[in-house]
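A short write-up of the structure that comes next.
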Amino acid sequence: MSERLNVKDLITVGIFSVIIIVLIFIFGMLGYIPILMIALPILAALICGIPFMLFLTRVNKFGMVTLMGLILGIVMFLSGHTWVPILVFTLCAFIADCILKMGDYSSVKNSIVAHGVFILGVMGNMLPFFIMRDFYLNGLRSSMGADYVNVISPFINTPVLIVLIILTFIVGMASAYVGKIVLKKHFEKAGIA
């Protein structure tokens with residue numbers, strides 16, 4: 001088996017990138033509810049476990065997960081976020097790729113941890129809010145209104161960022177574990193996984 005990515009691998013990465021992007025954007029609409037805007041990384045970790053684990057049934061070459069992270073970061077950038085998601089998603093995906101490689105792409109434990117690390121890439125969307133807090137809150141005030149900003153501003157601080165990173169990782173692993181169970185129960189019976 002060749003270690004180089006072929007057209008079939010690229011198509012697989014593209015299809016699953018679209019699935020994950022659509023899920024993140026659909027649930028991202030919940031960000032219009034102020035308190036849920038802070039919880040968006042946790043929601044992304046929760047909903048992406050099943051498709052990511054299904055994607056891993058097709059992954060057997062290093063770079064496929066990294067490429068998916070790069071695509072997700074670029075789409076986030078093109079949808080109006082800063083360049084930070086490109087860097088963070090690609091870095092987290094690369095680390096996830098390394099974790100999967102250590103498990104020879106067949107370790108369930110490595111797959112679950114890899115999703116926890118991979119989905120931390122969505123924090124790239126949130127980091128600018130915490131790093132340049134006042135700038136982003138002023139922008140939100142003009143686009144979403146003062147009431148929206150008044151609800152979320154107490155939560156835009158370093159302790160909340162740390163908790164958010166930890167919870168996103170934990171929920172990402174739990175979601176991947178559920179994804180593995182669902183794959184075994186339903187997708188394998190149907191011949192999809």
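Which pairs turn up if I take residues in segment 97-123 that are closer than 13 Å to C48 by Cα and surrounded by 24 or more Cβ atoms within 10 Å (Cβ to Cβ) and look for partners that are modelled with pLDDT under 95 and of a type in the set (D, E) with beta carbon separation below 7 Å, at least 6 apart in sequence or on another chain? Hits for this filter: zero, empty list.
Restricting attention to segment 73-86 and to residues that are surrounded by 16 or more Cβ atoms within 10 Å (Cβ to Cβ) and without any contact (Cβ under 8 Å) to a residue 40 or more places away in the chain, the residue that is farthest from T57 (Cα to Cα) turns out to be F77. Could you give every pair whose Cβ atoms fall below 6 Å, whose first residue belongs to segment 30-57 and is on the phi < 0 side of the Ramachandran plot, and whose second residue is among the basic types (K, R) and assigned to a helix (DSSP H, G or I), counting only separations of at least 6 or pairs across chains? From residues that are on the phi < 0 side of the Ramachandran plot, the pairs are M53/K180. Here the condition is being at pLDDT 95 or above, touching a helix residue (DSSP H, G or I) at 6+ places or on another chain (Cβ under 8 Å) and under 22 Å from M76 (Cβ atoms); of G172, G124, it holds for G172 alone. Of all the numbered requirements in (1) of a type in the set (F, W, Y); (2) at pLDDT below 85; (3) under 22 Å from C92 (Cα atoms), Y32 misses one, and that requirement is (3). Residues of segment 134-166 being surrounded by 13 or more Cβ atoms within 10 Å (Cβ to Cβ), assigned to a helix (DSSP H, G or I) and modelled with pLDDT under 90, which ones? Scanning segment 134-166 gives Y136, L137, G139, L140, R141, M144, Y148, V149, V151, I152, S153, F155.
The values are calculated or read from the model by the stated rules, or taken from the named source; none is laboratory data. Since the structure is predicted, the reported quantities are computational estimates derived from the model, not experimental observations. Note that we place each Cβ from the backbone using ideal geometry, even for glycine, and neighbour counts take in every protein chain shown.
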